[in-house]
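The values are calculated or read from the model by the stated rules, or taken from the named source; none is laboratory data. On a predicted model such as this, the values are computed, not experimentally measured, just so you know. Virtual Cβ from ideal backbone geometry, glycine too; neighbours counted across all protein chains shown.
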Amino acid sequence: MEQENERLSLNTLARILTLYFNSEKGTKITPSALELITQYIRIYTKEAVCRAYEEKKRSSITMSDEDDIILEMEDLENGIAAQLALDFS
């Protein structure tokens, strides 16, 4: 079950998408399409974090199982971004 703070706001996503859609050409997005895009982004984000976590865990030989793993932006950029983009394209 998802926690409330994990939810991606439909209003935020709609605002982001309107920045890239050309309203002069009549491009519109339906609420069901917006919900589908939200689900896709949620899955993509969770997959990215899981892959980055596993990659950092594998590369951190000196860490014990009890140590906390803290992900940085570089872990996502350098470790898994290219393969993740290929897998989801």
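Out of the residues in the stretch 1-14 meeting the condition of being within 15 Å of THR45 (Cβ to Cβ) and in a loop (DSSP other than H, G, I, E, B), tell me which one is modelled with the lowest pLDDT.
Step by step, filter the stretch 1-14, then rank; the result is GLU2.
Scan the stretch 15-35 residue by residue and report those that are among the charged types (D, E, K, R) and not in a helix (DSSP H, G or I).
LYS28
Of the residues GLU77, GLU55, only one is in contact with a Gly (Cβ under 6 Å, 6 or more places away or on another chain) and either at pLDDT below 85 or surrounded by 10 or more Cβ atoms within 10 Å (Cβ to Cβ) (or both); which?
GLU55
Please determine whether any residue of the stretch 29-51 is loosely packed, with under 13 Cβ neighbours inside 10 Å and modelled with pLDDT under 80.
No, because not a single residue in the stretch 29-51 is loosely packed, with under 13 Cβ neighbours inside 10 Å and modelled with pLDDT under 80.
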